[in-house]
Amino acid sequence: MSLYRKPLVAIVGRPNVGKSAIFNRLANRRIAIVHDEPGVTRDRITTEVTKVRIPYDLVDTGGIGSIIEDGFSAQVRTEADIAIAAADVILFVVDAREGVHPIDHELASVLRRSHTEVILLVNKVDTAKTDADAAEFAILGFAQEISVSAAHGRNFEILARRIADSLNDQGLGETRAEKAEHEEAPEPVKIAIVGRPNVGKSSLINAILNDARSIVSEIAGTTRDAVDVPYEREGQHYLLIDTAGIRQRTKRDTSVEVFSVMRSEKSIRRADICLLVIDASSGVVSQDRRIAKMIIDENKPCIVLLNKFDLFHPEASYSDRIEHFKEDLGDDLFFIPYAPKVAISAKHRQHLGKIFGAIDTVVETSRKPVSTGALNRLLQQSIERNPPPVRNNKRLKLLYATQKREDTPGIVPVPEYLLFVNHADLLTRTYERFLENQIRKEYPMEGLPFVFRLNSRIDRHDLATDGQTVLKKKTPNKKKAGPPPVRPNKPIAKRLPRVRQKPKGEKS
């Protein structure tokens, strides 16, 4: 087995010099939040850059040497130091418009002591006329210097070649065998950890990794970007997505928070499974239901995590606390009935194994479709016991049902049932839930949503559901009636003026 490790390229610099914009430009995707406000990025954000000569992992870090008193400067510096120590190439970003800053001198000294290949990027050099602004940065003493513009993409082709050359000189390129093995690696299960602010999402990431990977604070809204964290457990690969807390629209007080919530919503769409984290100590609130609705609307598998469970009746045993929870708060989780509930404590790293047990169960269940014969028998028996309601003097008729076998996007395929009926509009939402419950009783699929696709076969003798249109039966032997024949226009006789006749004997 190859021991190939993908190279790591880290982007460092002081706040508001354009690190996240350069990160997005190299990744060719909008991943990190870009804003004029300094100190937006806090956690380490990692992505793969694959469409290059030598693929590598790219890391964006928070601004070092921040003068903003937000309580995160020390933690951001720690995260940046970790990235610097692990990097094979460092992109040191400075601002050409503001010139050499004292913090730039301090960072330059730190980077020289790291003995890592450094490429100095003088950002915000938008045109050739401003190239002279980069000359003063030669005082920092780095051999490789490139003037770039992240806003306009200037000189990024040169930067891509320089990164590839630096990695190649260090012997970090893949051989053919290593590249083939890397391409055959299994795709990880993408798990989005979502919830309202300050319920313990980042603490859960750190507890799973047993490492301070994400910045944790009692301040709500600490996490801003969606942070992807690879994780391997018992040979299974996962991608943990730490997201920003989702607050109500009326309470989002900054544009940065709006962008953070947009990233969280996008993470739900691209995830295979969503872990909805709820604070068990404070109970279920209305915002938990709103986030659950987002998951339901996207038809995503879901597992509800009851975090801070150690604070819920702490004097009782675990089993007794479970019983207390079912009595006190169990009815509040009706809004997402198909999701299993797992009680954990991220702070004390308790019962974390149950999370992955539930994830593996959801993945395994999703790959076991219901046979067509069993599905048709089950639905026909259910309809006979409880017929569908009558609408517009008509009743729903199920002709045939099957589960779609096409490969759906993602590792966890969501069950899709194709129902052939007489008319799709006759299926009410209430009766659809009844059919879903009947399937779940026979085939428990915890964590998986159901999607019904209806195909109508309308009886043309019947009245349409709107009560206005009648579809007549076609007569195949009768020729279609064409347009009326065109007749030549007859000339219209001109009406002559009437001449008054003179009586006899009248003189003219």
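No value in this document is a laboratory result; all are computed from the given coordinates. These figures come from a predicted structure and were not determined experimentally. Here the Cβ positions follow ideal geometry from the backbone for every residue, glycine too, while neighbour counts run over all protein chains shown.
Here Ile90, Ile411 are placed in order of increasing Cβ neighbour count within 10 Å, fewest first, which gives Ile411, Ile90. The phi torsions of region 278-287, fed into the Karplus equation with coefficients 6.51, -1.76 and 1.60 and a -60° offset, translate into couplings of 10, 7, 5, 6, 9, x, 8, 10, 5, 5 Hz, rounded to whole numbers, with Gly and Pro shown as x. For the peptides 396-403, 96-103, residues were scored by their other Cβ atoms within 10 Å and the scores averaged per peptide; the highest-first order is 396-403, 96-103. Full extension of the chain segment joining Gln144 with Thr127 gains 4.1 nm, where the gain is 0.36 nm per residue of separation less the Cα-Cα distance. Scanning residues 5 or more positions from Ala343 or on other chains, those with amide H under 5 Å from its amide H are Leu306, with H placed 1.01 Å from N in the peptide plane. Each of Asn386 and Arg97 was given a label point 7 Å from its Cα along the Cα-to-Cβ line. The distance between the two points is 6.3 nm.
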